[in-house]
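Enquirer: Mind having a look at this structure? Questions to follow.
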Amino acid sequence: MTATGDLEGKVAIVTGAANGIGRAIATRFVAEGAKVVVADIDTGGQGVAAKLGGRAAFFTTDVSDPAQAHALVDFTIEHFGGLHVLCNNAGVSGGLRRFLDDDLRDFERVVAVDLYGVMACSRSAARHMVDHGGGAIVNIASGAGVTPGIGMLPYRAAKAGVVQFTRCLAVEVGEHGIRANCIAPANISTDINAAFDKTTVTRLQPLPHQGRTRDIAEAALYLASDRAAHVTGLVLTVDGGMSLGTPPRR
């Protein structure tokens, strides 16, 4: 992709950026001129930041701990001199169990990371943005939080919470020049989704190809940039049309 400098002069945080979608978003943001803090509990994020050069830095963060979320924002401001964009991407999926067989052992961790972590990071970032000209918050939810389905109900419920939280956040902070939007990916080619059969997955969506992490990065770039200056409260599905329904296949 050709860089256009859409984030030149901006400072961003991307959580869960050691792998997959988060890494792709951090890479795209740096290519567009942003300085980026790669935040993750996985110290592999150090290598990601190193490859991105001096415009990136790594900060170990468990987003489910509000104190660590606050420390992340403080580090970003001290290291790069500000904060304009927060991308809440960190998440865990939990088990694949059907509900009647689920002992809900994953519930607390899934909700703590996928929903509470989004709220904690957003609060810390927004408190800074309020006094510094506004900003953009981009939350990564999931198609599982938009369209009903079977299995992984704690995950689906947490991601649905992210969708509703984003819309409410947009109403709460709009007066301060802060935009809050949400991306709902599905069927993206990542290590987490490697176990799913590609042929089966793509038969469930109108577009007959599996999504790539860069598809989500492009959507995040748009919502983070001034191109989306009049866009807030949006839930952008990037799912090959899967949420529309299963198409006929010859």
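The values are calculated or read from the model by the stated rules, or taken from the named source; none is laboratory data. Owing to the predicted nature of the structure, the values given are computational and were not obtained by experimental measurement. Here the Cβ is made from the backbone with ideal geometry for all residues, glycine too, and neighbour counts use every protein chain on show.
Enquirer: Residue by residue through segment 3-35, note down the ones that are at positive phi and buried (at least 24 other Cβ atoms within 10 Å of the Cβ).
Expert: G16
Enquirer: Turning to a different aspect of this structure: Name the pairs: first residue in segment 42-61 and free of Cβ contacts under 8 Å to residues at least 40 places away in the same chain and among the aliphatic types (A, V, I, L, M), second residue part of a helix (DSSP H, G or I) and surrounded by fewer than 16 Cβ atoms within 10 Å (Cβ to Cβ), Cβ to Cβ under 6 Å, at least 6 apart or on different chains?
Expert: Cβ pairs passing all conditions: A57/H79.
Enquirer: Could you tell me whether segment 123-132 includes any residue that is polar (S, T, N, Q) and closer than 28 Å to E218 by Cβ?
Expert: Looking for residues that are polar (S, T, N, Q) and closer than 28 Å to E218 by Cβ, one finds at least one in segment 123-132, hence yes.
Enquirer: Please count how many residues of segment 79-113 are of a type in the set (K, R), at pLDDT 95 or above and part of a loop (DSSP other than H, G, I, E, B). Before you say what the answer is, go through the steps one by one.
Expert: Step one: list which residues in segment 79-113 are of a type in the set (K, R), which gives 97-98, 105, 109.
Of the ones still in play, those that are also at pLDDT 95 or above are 109.
In the following step, the residues that additionally are part of a loop (DSSP other than H, G, I, E, B) were identified as none.
Residues in segment 79-113 being of a type in the set (K, R), at pLDDT 95 or above and part of a loop (DSSP other than H, G, I, E, B): 0 in total.
Enquirer: Right, something else. Suppose we filter G22, G47, G33 for residues that are farther than 22 Å from S124 by Cα, of a type outside the set (A, V, I, L, M, F, W, C) and part of a helix (DSSP H, G or I); which single one remains?
Expert: After applying the criteria, what remains is G47.
Enquirer: Could you please tell me which pairs satisfy a Cβ distance under 7 Å, a separation of 6+ or placement on different chains, a first residue in segment 236-250 that is touching a residue at least 60 places away in the same chain (Cβ under 8 Å) and over 16 Å from T200 (Cβ atoms), and a second residue that is assigned to a helix (DSSP H, G or I) and of a type outside the set (D, E, K, R)?
Expert: T237/G143; T237/S243; S243/G143
Enquirer: Collect the residues in segment 124-145 that are in contact with a Ser or Thr (Cβ under 7 Å, 6 or more places away or on another chain) and either polar (S, T, N, Q) or modelled with pLDDT under 95 (or both), keeping them in residue-number order.
Expert: Scanning segment 124-145 gives N139, G143.
Enquirer: So, one more: Of all residues being within 17 Å of A220 (Cα to Cα) and in a loop (DSSP other than H, G, I, E, B) in segment 163-189, which is modelled with the highest pLDDT? Just the residue, please.
Expert: If we take residues in segment 163-189 being within 17 Å of A220 (Cα to Cα) and in a loop (DSSP other than H, G, I, E, B), then A186 is modelled with the highest pLDDT.
Enquirer: Examine segment 152-162 for a residue that is within 14 Å of D239 (Cα to Cα) and outside any helix (DSSP H, G or I), and state whether such a residue exists.
Expert: Among the residues of segment 152-162, not one is within 14 Å of D239 (Cα to Cα) and outside any helix (DSSP H, G or I), which makes the answer no.
Enquirer: With the requirement that a residue be within 30 Å of G5 (Cβ to Cβ), outside any helix (DSSP H, G or I) and among the small types (G, A, S), what does segment 197-250 give you?
Expert: Listed by number, the residues that qualify are G211, S225, A229, G233, G240.
Enquirer: Let me ask something additional. Does A120 fit the bill of being among the aliphatic types (A, V, I, L, M), in contact (Cβ under 8 Å) with a residue 12 or more places away in the chain and assigned to a helix (DSSP H, G or I)?
Expert: Numbers: among the aliphatic types (A, V, I, L, M): yes; in contact (Cβ under 8 Å) with a residue 12 or more places away in the chain: yes; assigned to a helix (DSSP H, G or I): yes.
Against the criterion (among the aliphatic types (A, V, I, L, M), in contact (Cβ under 8 Å) with a residue 12 or more places away in the chain and assigned to a helix (DSSP H, G or I)), A120 qualifies.
Enquirer: Turning to a different aspect of this structure: Pull up segment 123-141, narrow it to residues that are assigned to a loop (DSSP other than H, G, I, E, B) and out of contact with any Gly (no Cβ under 8 Å at 6 or more places or on another chain), then point me to the one that is surrounded by the most Cβ atoms within 10 Å (Cβ to Cβ). First the steps, then the outcome.
Expert: Taking segment 123-141 first, the residues assigned to a loop (DSSP other than H, G, I, E, B) are 131-134, 141.
Filter once more, keeping what is out of contact with any Gly (no Cβ under 8 Å at 6 or more places or on another chain): 131, 141.
Numbers: D131: 8, A141: 28.
Looking at residues that are assigned to a loop (DSSP other than H, G, I, E, B) and out of contact with any Gly (no Cβ under 8 Å at 6 or more places or on another chain), I get A141.
Enquirer: In segment 174-194, what residues are within 14 Å of L234 (Cα to Cα) and buried (at least 20 other Cβ atoms within 10 Å of the Cβ)?
Expert: I178, R179, A180, N181, C182, I183, A184, P185
Enquirer: In addition: If I ask for residues that are surrounded by 19 or more Cβ atoms within 10 Å (Cβ to Cβ) and closer than 19 Å to V130 by Cα, which ones from segment 60-74 would you list?
Expert: Correct list: A69, L72, V73.
Enquirer: Same structure again: Scan segment 209-250 residue by residue and report those that are of a type outside the set (S, T, N, Q), in contact with a Lys or Arg (Cβ under 8 Å, 6 or more places away or on another chain) and surrounded by fewer than 12 Cβ atoms within 10 Å (Cβ to Cβ).
Expert: Passing the criteria: A229, R249.
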